[in-house]
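What follows is a short report on a single structure.
The values are calculated or read from the model by the stated rules, or taken from the named source; none is laboratory data. This is a predicted model, so every value here is computed, not measured. Cβ atoms come from the backbone with ideal geometry, glycine included; neighbour counts cover every protein chain shown.
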């Protein structure tokens, strides 16, 4: 899609790690210039490590309520960014009823890391956070403005 986008949906499997992280970062980068939302194929509560690593860069998602793609209030998006294979399949199904662009950004789910210290596990979440921020800035440069956190973002 060329030109500015007015609305973006980030989706993943559970709307607990990747998509709420992308939503929070995008909202911080884009402010009110773009409508940003997130959803999952299924839903689960937001992972506390996501909240922690976003807090480190001044992004607050404490009030995020996980929802499924089927529970979305708005069903009109310019771009849907899928972050997991399951979500990508569901996003492609939406193109049958919605004129939108679908992009697949394969991302690792750091919640799969169950071993190691708390700090080692947090590092996986930080890597995802930083990758998502860089990808959002690169893909949406006309509406995203970089912000400084503590140097990690």
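A few notes on this one:
- Among the residues of this structure, residue 97 counts as one that is out of contact with any strand residue (DSSP E or B) (no Cβ under 8 Å at 6 or more places or on another chain), at pLDDT below 95 and farther than 14 Å from residue 17 by Cα.
- Residue 146, sole failed condition from (1) farther than 12 Å from residue 29 by Cβ; (2) modelled with pLDDT under 85: (1)
- Count of residues meeting criterion [closer than 22 Å to residue 135 by Cβ and assigned to a loop (DSSP other than H, G, I, E, B)] in segment 73-98: 5
- Pairs with Cβ under 6 Å, 6+ apart, first in segment 104-129 and in contact (Cβ under 8 Å) with a residue 40 or more places away in the chain, second surrounded by 17 or more Cβ atoms within 10 Å (Cβ to Cβ) and not in a helix (DSSP H, G or I): 107/83; 109/17; 111/17; 111/47
- Among the residues of segment 32-63, those identified as out of contact with any helix residue (DSSP H, G or I) (no Cβ under 6 Å at 6 or more places or on another chain), touching a residue at least 12 places away in the same chain (Cβ under 8 Å), part of a loop (DSSP other than H, G, I, E, B) and within 21 Å of residue 146 (Cβ to Cβ) are 33, 34, 56, 57, 58, 60.
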